[in-house]
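These notes are about the structure you will find just below.
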Amino acid sequence: MNIFVGNLNYKLTNESLEQLFTPFGEVKSARIIIDKMSGRSKGFGFVEMPNDESAAKAIANLHESDVLGRKFIASEAKPQERN
């Protein structure tokens, strides 16, 4: 399952994002989206977990929790719409 994560603290790294999800199961990838112009985090990203049950458990436990002083958002990612 691909998981959207948002309202991220700008100090969060790909590695620390992965560490948040690891207690719930295998993490295939964890990626924070970076602004190309400034090189700073855009405040959101994606985590991919191969096991849907583990991913659902992670979402249930992490959504709206406090992560580095911010209210963490986690939900199943919706497919990107093509224009």
Original post:
So which strands (runs of 3 or more DSSP E) stay within the chain end to end and still have 2 or more residues that are free of Cβ contacts under 8 Å to residues at least 24 places away in the same chain, in contact with a strand residue (DSSP E or B) (Cβ under 6 Å, 6 or more places away or on another chain) and on the phi < 0 side of the Ramachandran plot?
Top reply: 29-34
**OP:** Hey, could you check region 4-52 for residues that are of a type in the set (Gly, Ala, Ser) and closer than 16 Å to Glu64 by Cα and say which is farthest from the chain's Cα centre (by Cα)?
**Re:** Gly43
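All of the numbers you see were taken from the coordinates with simple rules; none came from a lab. Computed from a predicted structure; not experimentally measured. Here Cβ is always computed from backbone atoms with ideal geometry, including for glycine, and neighbour counts include all displayed protein chains.
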